[in-house]
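Notes for the one structure printed next.
The values are calculated or read from the model by the stated rules, or taken from the named source; none is laboratory data. It should be emphasised that the depicted structure is a prediction, and the values quoted were computed from it without experimental measurement. Heads up, the Cβs are rebuilt from the backbone with ideal geometry, glycines too, and the neighbour counts pull from every protein chain shown.
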Amino acid sequence: MNITSATFLKSVMRIEECPRDGRPEVAFVGRSNVGKSSLLNALLNRKGLAKTSTTPGKTQMINFFDINRQFYFVDLPGYGYANVPKGVKSEWSRVMMAYLQRRETLKLVIQLLDARHTPSEKDHEMLELLRRARVPVLLAATKIDKLSRNERTRNLKAIRADLDLDDDAVIIPFSAVTAEGVKPLWQIIASCLKSPT
């Protein structure tokens with residue numbers, strides 16, 4: 001897809017503050033430090049649009065990015081081991097659940113998994129939440145460049161088994177360093193954006 005414009009629009013902590021123009025949305029979710037911001041920047045070919053950090057929990061609100069003035073990318077708060085007060089984590093969870101369950105313009109959720117590890121308990125919980133919300137989900141295995149060819153094959157197979165996925169379930173290997181996975185991700189995103197609500 002040709003990206004002519006990609007700008008940060010707003011951060012929200014309440015569903016009522018989300019854009020109301022009816023444009024389709026693609027949301028990105030994953031545990032803290034899985035590489036969401038790096039993936040977003042790689043997809044949009046923009047350095048620093050989504051702020052990256054080595055500190056888990058950098059994304060603390062729902063962040064909307066206006067893409068081509070046609071649709072939104074939505075960066076959701078990282079889950080897992082973010083070093084924030086329990087009350088804040090609880091609020092993130094509430095806001096994310098409301099967004100996933102009530103946002104009619106949401107076309108696709110891309111859940112990021114670290115290719116170097118088997119999915120965590122929090123990864124399982126998020127996938128179950130997405131299933132209950134009945135939103136289309138695509139899995140992306142990040143940091144794939146850090147694995148050897150043998151490790152890559154073994155780890156992707158282990159992730160598939162751990163999540164009990166069907167043989168036809170898609171997992172896109174992704175690297176923000178080499179840009180592997182950018183093209184197939186865009187193909188699926190574009191297809192979902194075209195689909196009727």
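Here are the numbers for this structure:
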| read-out | value |
| --- | --- |
| Top-ranked residue in segment 1-26 [being of a type in the set (Lys, Arg) and in contact with a strand residue (DSSP E or B) (Cβ under 7 Å, 6 or more places away or on another chain); ranked as surrounded by the most Cβ atoms within 10 Å (Cβ to Cβ)] | 23 |
| Qualifying residue in segment 84-98 (condition: surrounded by fewer than 18 Cβ atoms within 10 Å (Cβ to Cβ), at pLDDT below 75 and touching a Gly at 6+ places or on another chain (Cβ under 6 Å)) | yes |
| Residues being touching a residue at least 12 places away in the same chain (Cβ under 8 Å), of a type in the set (A, V, I, L, M) and in a helix (DSSP H, G or I) - total across segment 148-182 | 4 |
| Test: residue in segment 103-125 that is at pLDDT below 95, of a type in the set (Gly, Ala, Ser), surrounded by fewer than 20 Cβ atoms within 10 Å (Cβ to Cβ) and touching a helix residue (DSSP H, G or I) at 6+ places or on another chain (Cβ under 8 Å) | no |
| In segment 116-129, residue farthest from residue 183 (Cα to Cα) [restricted to those that are in a helix (DSSP H, G or I) and touching a residue at least 60 places away in the same chain (Cβ under 8 Å)] | 122 |
| Number of the exception - residue 196 against (1) modelled with pLDDT of 90 or more; (2) surrounded by fewer than 15 Cβ atoms within 10 Å (Cβ to Cβ) | (1) |
| Residue 145 vs. criteria modelled with pLDDT of 90 or more, buried (at least 19 other Cβ atoms within 10 Å of the Cβ) and in a helix (DSSP H, G or I) | no |
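Okay, residues lined up against (1) more than 17 Å from residue 40 (Cβ to Cβ); (2) touching a Cys at 6+ places or on another chain (Cβ under 8 Å):
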residue: 94; (1), (2): yes, no
residue: 101; (1), (2): yes, no
residue: 105; (1), (2): yes, no
residue: 111; (1), (2): no, no
residue: 136; (1), (2): yes, yes
residue: 146; (1), (2): yes, no
